[in-house]
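Presented below is the structure to which this report refers.
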Amino acid sequence: MIMTIVFVLITFFLLIIPHELGHFLLAKSFGMQVDRFSFGLGPKLIGFKRGETEYTISLIPFGGFVKIRGMQLEERNLPGSFYNQPLRNRILVLAAGSIMNYLVAVLLFLMVFMMGFYTFNPEAIIGEIKPDSPAARASLLPKDKILEVNGKKIKGWEEMALAIKENKEEVLTLRVQRKEKTFSVQIKPVFDPQLGRKVIGITPSSVFIRYDFFTSLVKAGKRVFFLTGAILSALAGMVIGKIPAQFTGPVGIAQFIGESAGMGIIPFLFLVAFLSINLGLFNLFPIPALDGGRLLFLLIEGIRGKPLDLEKEELIHYIGFIILICLILLVTYQDIIRW
């Protein structure tokens, strides 16, 4: 339990601090005044002031914020104000948080690929054989390599699985390599109702892979790009009703973190990277009170050539914030019920 809490805090630190640091560093570089940098939400626990900025740790670790002067209506004409900056600078400051989340994801995946991990072996080499399965009855063994299915040469595991699935015959003839010997066996597949296809009761072997720095960097970038597309595809499926809508709040995320940490450092790093992509992408959605909502108003300002009514904009953000908090509480309640 204590280790789970530690890993949860580490995760939220890796998600929140870089995000807020992105806003903070870019705002400071443009000459904006940052009044507060907070890890956590709610009542302040501890803090100190250095220069013009107060640095604090607050009670609730599921968030954080950077208070830039001028983001509130009454401060917009003060020196060092956010809204005294050119439109381009304001857009960059708001986008910097999500950019940092994506950089964190790339760095974490870079570590994963450089450290190495066990993964599915693409070759048609048997890893395990289920007891009392057709493969067990045919005397197949782990590390056996399947070369042919019904006389057709097999290039890898997926091709072999497809050949078994699409087989019309009652009995398969497999050509198998065991060390230096090759031989043929006849095997009768069975239908697995859970998988919805024919199987012979074997699982793939695993292989340990590790890459050099530059290969890992390329693969990390591709993995981040792929997961972003997968998240957007899943959200689109939820919107059109193709897949059921499922969301997880802080409690559910804490459960996933505890489970992944128990499986080892690689699954933990993978999960944190995935969550970082989620956070970066979610904050770019045009939802009032989020970075994406504020970016939308800035884009409208750029198109119109002048800002929208500031009081109305603040009201929209305030309503969006209340709705967002209500949704988070609802999702958290569902997480607790599932738990």
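Please note which strands (runs of 3 or more DSSP E) are completely contained in segment 102-210 and include at least 3 residues that are touching a residue at least 24 places away in the same chain (Cβ under 8 Å). Quick ask: steps written out before the conclusion?
Numbers: elements: 117-120, 126-129, 145-149, 172-178, 181-187, 190-192, 197-199, 202-204, 206-209.
So the answer is 117-120, 126-129, 145-149, 172-178, 181-187, 197-199, 202-204, 206-209.
As an exercise: evaluate ILE303 against (1) touching a Leu at 6+ places or on another chain (Cβ under 9 Å); (2) open to solvent by 80 Å² or more (accessible area, probe 1.4 Å) and give the number of the one condition it does not meet.
So the condition that ILE303 fails would be (1).
Could you check how many residues of segment 263-297 are out of contact with any Pro (no Cβ under 9 Å at 6 or more places or on another chain) and in contact (Cβ under 8 Å) with a residue 12 or more places away in the chain? Spell out how you get there, then give the answer.
Step one: filter segment 263-297 for residues out of contact with any Pro (no Cβ under 9 Å at 6 or more places or on another chain), giving 263-275, 277-291.
Subsequent filtering for residues that are in contact (Cβ under 8 Å) with a residue 12 or more places away in the chain retains 265-266, 268-275, 277-281, 283-284, 287-291.
Of the residues in segment 263-297, 22 are out of contact with any Pro (no Cβ under 9 Å at 6 or more places or on another chain) and in contact (Cβ under 8 Å) with a residue 12 or more places away in the chain.
Condition first: among the polar types (S, T, N, Q) and assigned to a strand (DSSP E or B). Now tell me which residues in segment 1-36 satisfy that. Don't jump to the end; show me each part of the working.
In the first step, residues of segment 1-36 are kept if they are among the polar types (S, T, N, Q); the result is 4, 11, 29, 33.
Residues satisfying the conditions do not exist here.
Suppose we filter LEU327, LEU308 for residues that are surrounded by fewer than 16 Cβ atoms within 10 Å (Cβ to Cβ) and touching an Asp or Glu at 6+ places or on another chain (Cβ under 9 Å); which single one remains? Full working, then the answer.
Values: LEU327 fails: touching an Asp or Glu at 6+ places or on another chain (Cβ under 9 Å).
Unique residue meeting the criteria: LEU308.
Determine whether PRO134 is more than 15 Å from ALA124 (Cα to Cα) and at pLDDT below 85. Walk me through it before giving the result.
Details: more than 15 Å from ALA124 (Cα to Cα): yes; at pLDDT below 85: no.
The answer is no for PRO134.
Taking LEU275 as meeting all but one of (1) assigned to a loop (DSSP other than H, G, I, E, B); (2) closer than 28 Å to ILE319 by Cβ, write down the number of the exception.
The single condition LEU275 does not satisfy is (1).
Looking at segment 73-90 only, could you name the residues that are surrounded by 14 or more Cβ atoms within 10 Å (Cβ to Cβ) and not hydrophobic (A, V, I, L, M, F, W, C)?
Selection gives GLU75, ARG76, GLY80, SER81, TYR83, ASN84, GLN85, ASN89, ARG90.
Does GLU54 qualify as being among the acidic types (Asp, Glu), exposed (fewer than 14 other Cβ atoms within 10 Å of the Cβ) and either within 26 Å of ALA273 (Cβ to Cβ) or without any contact (Cβ under 8 Å) to a residue 24 or more places away in the chain (or both)?
On the way: among the acidic types (Asp, Glu): yes; exposed (fewer than 14 other Cβ atoms within 10 Å of the Cβ): no; either within 26 Å of ALA273 (Cβ to Cβ) or without any contact (Cβ under 8 Å) to a residue 24 or more places away in the chain (or both): yes.
It is false that GLU54 is among the acidic types (Asp, Glu), exposed (fewer than 14 other Cβ atoms within 10 Å of the Cβ) and either within 26 Å of ALA273 (Cβ to Cβ) or without any contact (Cβ under 8 Å) to a residue 24 or more places away in the chain (or both).
In segment 66-80, what count of residues is obtained for those that are over 34 Å from the mean Cα position of the chain (by Cα) and closer than 19 Å to LYS312 by Cα? Steps first, please.
So in segment 66-80, the residues over 34 Å from the mean Cα position of the chain (by Cα) come out as 73-80.
Going one step further and asking which of them are closer than 19 Å to LYS312 by Cα, we end up with 73-77.
Summing the residues that are over 34 Å from the mean Cα position of the chain (by Cα) and closer than 19 Å to LYS312 by Cα in segment 66-80 gives 5.
Please go through segment 130-147 and pick out each residue that is surrounded by fewer than 21 Cβ atoms within 10 Å (Cβ to Cβ) and of a type in the set (A, V, I, L, M).
ALA136, ALA138, LEU141, LEU147
Given the condition within 29 Å of PHE183 (Cβ to Cβ), assigned to a loop (DSSP other than H, G, I, E, B) and not small (Gly, Ala, Ser), answer yes or no: does some residue in segment 85-98 qualify?
Initial filter on segment 85-98 (within 29 Å of PHE183 (Cβ to Cβ)): none.
No.
Pairs please, first residue from segment 9-33 and under 16 Å from GLY280 (Cβ atoms), second anywhere and of a type in the set (S, T, N, Q) and part of a helix (DSSP H, G or I), Cβ atoms under 6 Å, 6+ apart in sequence or on different chains.
LEU15/SER276; HIS19/ASN101
Consider segment 165-197. How many of its residues are in contact with a helix residue (DSSP H, G or I) (Cβ under 6 Å, 6 or more places away or on another chain), of a type in the set (Lys, Arg) and surrounded by 14 or more Cβ atoms within 10 Å (Cβ to Cβ)?
Summing the residues that are in contact with a helix residue (DSSP H, G or I) (Cβ under 6 Å, 6 or more places away or on another chain), of a type in the set (Lys, Arg) and surrounded by 14 or more Cβ atoms within 10 Å (Cβ to Cβ) in segment 165-197 gives 1.
Taking THR203 as the residue in question, decide whether it is hydroxyl-bearing (Ser, Thr, Tyr), surrounded by 13 or more Cβ atoms within 10 Å (Cβ to Cβ), farther than 30 Å from PHE13 by Cβ and within 33 Å of the chain's Cα centre (by Cα).
Details: hydroxyl-bearing (Ser, Thr, Tyr): yes; surrounded by 13 or more Cβ atoms within 10 Å (Cβ to Cβ): yes; farther than 30 Å from PHE13 by Cβ: yes; within 33 Å of the chain's Cα centre (by Cα): yes.
In short, yes.
The values are calculated or read from the model by the stated rules, or taken from the named source; none is laboratory data. Just so you know, these numbers come straight off a predicted model, no measurement behind them. Every residue, glycine as well, gets a Cβ built from its backbone with ideal geometry; the counts of neighbours run over all protein chains shown. Accessible surface areas use protein heavy atoms only, side chains included; no ligands, DNA or RNA. Shrake-Rupley method; radii C 1.70, N 1.55, O 1.52, S 1.80 Å.
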